[in-house]
Amino acid sequence: MKYIAIALILIAVVAIRVAIFRARRHRRAERPPGASSRTSDVTETASAPAAALASPAHGRNGGRSADIGGRFGAVGMIATREITERVRSRFFRVGTLIVLIAVAAAIIIPTLHKSSNSRPTPQAIGVVGSLSPDLEHLVVAAGTANNDKVRFVTERSIAETKSALRAKTLAFAIIDGHEVLLWEPAALASSPADPVLVKDTAEYLGVLKAYRTAGLTPTQEADVDNSKPVPVRALQFGSSTSTRAIPVIGIVLLFVMLTQYCTWILIGVMQEKSSRVVEVLLATVRPIQLLGGKVLGIGLVALGQATLVVAFALLLANGVGSDLLKGDQPLALAAELCWLVLGYAFYCWVYAAAGSTAERQDQIQTLALPLSIPILVGYIFSLTVASSGNPSAFFKVLAYLPPTAPFCMSVLVGLGQATWWEFVASVLIAIAGTAGMAVLAARIYRRAVLRTGGRVRLRELLARSGS
């Protein structure tokens, strides 16, 4: 079943690629001879907002002039145009489809793999001391419920038990009915013990221990009702916990979407400046309105795509019965969505200001690398921690810095190592950093977007800002 699912996904990707190729060839056949599709598309996309804002209908007194002349009217029109153009683009639609296919594969393939490995797992349980028939029956029943084949092995001493645990001939051991002993934590992939069976056995031991000390008085009945599992002690601790799938998948999607939409802003601002359309636009609207409309429009597209991916993942996981999104994982997804918004809100101003300093494609390539360094740092650190499950103190510091917080704090939430107040504190710091970056970026954009004849140096703009 696993290989069938992989084959279906590959067929779907090939079918999409063939459809794109045929549509592209059809458009080329219908295009008039000598026409340049790339130039015409860029000019049409960039000049449409200028034509809409500079049309005579918007220049007359009364009617819609007050709304268009106001801040939200102009910003709303520019944002609407950005949304329309981005959603209509072939790159957006195909990219969204590929992301949905990747998410579906990440959810369905593990489910198929789990169902194919549904044979009972042998669990050899060592017994030191006495084991009551009631407890033995409960452990066997728990093993059957967890698809485990339980086998009890009588051990003569704790020393022999430890040797058997080290050699992994025993999954775990029950010591005198009061303790569960493991060689390493059951959550590790190298451990032969079933974590759920270990947990159930510890709970049953706690209940039986409470029953031995309980009578018929109300106090003793309360002791039975409030019994807790006995301690589970490991003789050796692993260096890492099991890999969490949701933080890893979320970090990859966050990185792809954040770089994609911020690059759109960088290229869009550069194209408007190089085509001189921005001069017409700024004759009708203020620079902050033009910049705000572009940032808002692309941001809403990013939020819509991310919401679609999250909703699709939740519905598909629920439909196929996957445990990938059970427990606290939906909360981790919500945190990823929140940090996508906050990360975009911070970086969009940075990329917009950088785009206003360039007017050629080669200058964009020069700017892209230094702008992406903080994103790469946060992405690489977060991917490593999400895989190992052991965040360092330095990583926790990065979770409070606006450039790296979208990656690091969302990983801490996915791993369950961030409290609510830590999350809120990181969000507030990110909002404050975004506000400061927006003020600086708007000042740079206003000074640089109309300067042509070469790339504008950031040092010159900052020097002029300070004067």
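Structure values in brief
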| read-out | value |
| --- | --- |
| Number of the exception - residue 107 against (1) aliphatic (A, V, I, L, M); (2) more than 30 Å from residue 284 (Cα to Cα); (3) over 27 Å from the mean Cα position of the chain (by Cα) | (3) |
| Residue 261, sole failed condition from (1) of a type outside the set (S, T, N, Q); (2) surrounded by fewer than 16 Cβ atoms within 10 Å (Cβ to Cβ); (3) modelled with pLDDT of 70 or more | (2) |
| For residue 357: the one exception among (1) surrounded by fewer than 22 Cβ atoms within 10 Å (Cβ to Cβ); (2) outside any helix (DSSP H, G or I) | (1) |
| Qualifying residue in segment 324-331 (condition: assigned to a helix (DSSP H, G or I), surrounded by 16 or more Cβ atoms within 10 Å (Cβ to Cβ) and either within 13 Å of the chain's Cα centre (by Cα) or polar (S, T, N, Q) (or both)) | yes |
| Candidates 142, 106, 202 - the one that is touching a residue at least 24 places away in the same chain (Cβ under 8 Å), touching a strand residue (DSSP E or B) at 6+ places or on another chain (Cβ under 7 Å) and crowded, with 18+ Cβ neighbours inside 10 Å | 202 |
| Test: residue in segment 347-361 that is assigned by TED's automatic domain parsing to the domain that holds residue 254, within 17 Å of the chain's Cα centre (by Cα), within 20 Å of residue 288 (Cβ to Cβ) and modelled with pLDDT of 85 or more | yes |
| Residue that is closer than 30 Å to residue 211 by Cα, charged (D, E, K, R) and assigned to a helix (DSSP H, G or I), where the choices are 85, 136 | 136 |
| Those residues of segment 145-169 which are crowded, with 20+ Cβ neighbours inside 10 Å and either touching a Ser or Thr at 6+ places or on another chain (Cβ under 9 Å) or part of a loop (DSSP other than H, G, I, E, B) (or both), in sequence order | 148, 150, 155 |
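Okay, residues lined up against (1) buried (at least 19 other Cβ atoms within 10 Å of the Cβ); (2) at pLDDT 90 or above; (3) more than 15 Å from residue 332 (Cβ to Cβ):
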{"residue": "369", "(1), (2), (3)": "no, no, yes"}
{"residue": "372", "(1), (2), (3)": "no, no, yes"}
{"residue": "391", "(1), (2), (3)": "yes, no, no"}
{"residue": "399", "(1), (2), (3)": "yes, yes, no"}
{"residue": "404", "(1), (2), (3)": "yes, yes, yes"}
{"residue": "410", "(1), (2), (3)": "yes, no, no"}
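The values are calculated or read from the model by the stated rules, or taken from the named source; none is laboratory data. Everything numeric here is computed off the predicted structure, so don't read it as measured data. Cβ coordinates were reconstructed from backbone atoms using ideal geometry, including for glycine residues, and neighbour counts include every protein chain displayed.
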